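Peer 1: There's a structure below that I have some questions on.
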């Protein structure tokens, strides 16, 4: 894989998709439909998906492509592939809360090696460079062809007596709260979509547990950014490595964290 070209293409497509999403977001109204699993989908999801899918297929025709909005792609079996969530945080989008992201990732042999997470309403852009290190590009305006100032990001050196925890804005439950209560928590914050991974990657949070249903397209890009910043993601039940290319691309519960956090079982 030519990682320089991969990162260039993923970054550009994420920005182009973000522009299209914001056009719809800023319109007086937009259509919201319900998918078979009862989750919402908007014209922004579909427009961003079409744009990204076309761009990736043109640039990397030999690579399998898995995307949330194309059910047929979920039947594939692959360990090396591109995976897309064109609009992660649709509930945040519908409620106009801004915590939604464009997510594109490259998985090789089950590991998300490169990824981009773009939050267009917040003007925040995170991605892995060709060498695997993660950066946040300074916004809020981004040139599609020429990257701006890139600031390296790194996970925190956490104080286990005073942890900063980030949790889901739309999917908090009692089990998650009970698990968090087992730590010495200094403060908590809520965030939508894959921004939670990025907050751990930048050191704005130390720990992000998810005891709920997710799919690989929800996590791959954020996981890649987290790994490139020195962070880790493990399965919740036994703290074993978290891998991709699972049957149906469904995830188990997980914990994303800065390595200095002493995980409890």
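The values are calculated or read from the model by the stated rules, or taken from the named source; none is laboratory data. Just so it is clear, the model here is predicted, and its values are computed rather than measured. Positions of Cβ are generated from backbone atoms using ideal geometry, with glycine treated the same way; all protein chains shown enter the neighbour counts.
Peer 1: Please determine whether any residue of segment 18-33 is in the same structural domain as residue 139 (by TED's automatic domain parsing), closer than 25 Å to residue 227 by Cα and modelled with pLDDT of 90 or more.
Peer 2: Yes - at least one qualifying residue is present in segment 18-33.
Peer 1: Give me the strands (runs of 3 or more DSSP E) completely within segment 1-76, filtered to those with at least 1 residues that are touching a residue at least 24 places away in the same chain (Cβ under 8 Å) and closer than 19 Å to residue 95 by Cβ, ordered by residue number.
Peer 2: 32-34, 40-42
Peer 1: How many of the residues making up segment 249-265 are over 18 Å from residue 160 (Cα atoms) and at pLDDT below 95?
Peer 2: 0
Peer 1: Kindly state which strands (runs of 3 or more DSSP E) lie completely within segment 178-265 and contain at least 2 residues that are more than 18 Å from residue 126 (Cβ to Cβ) and without any contact (Cβ under 8 Å) to a residue 40 or more places away in the chain.
Peer 2: 185-191, 232-235
Peer 1: Let me spell it out: the conditions are (1) surrounded by 20 or more Cβ atoms within 10 Å (Cβ to Cβ); (2) part of a loop (DSSP other than H, G, I, E, B), and residue 79 meets all of them except one. Which number is the exception?
Peer 2: All conditions pass for residue 79, except number (1).
Peer 1: Count, please, the residues in segment 156-166 that happen to be farther than 15 Å from residue 117 by Cβ and within 20 Å of the chain's Cα centre (by Cα).
Peer 2: 3
Peer 1: Can you name the residue in segment 160-170 that is touching a strand residue (DSSP E or B) at 6+ places or on another chain (Cβ under 8 Å) and part of a loop (DSSP other than H, G, I, E, B) and, of all such residues, is surrounded by the most Cβ atoms within 10 Å (Cβ to Cβ)?
Peer 2: 169
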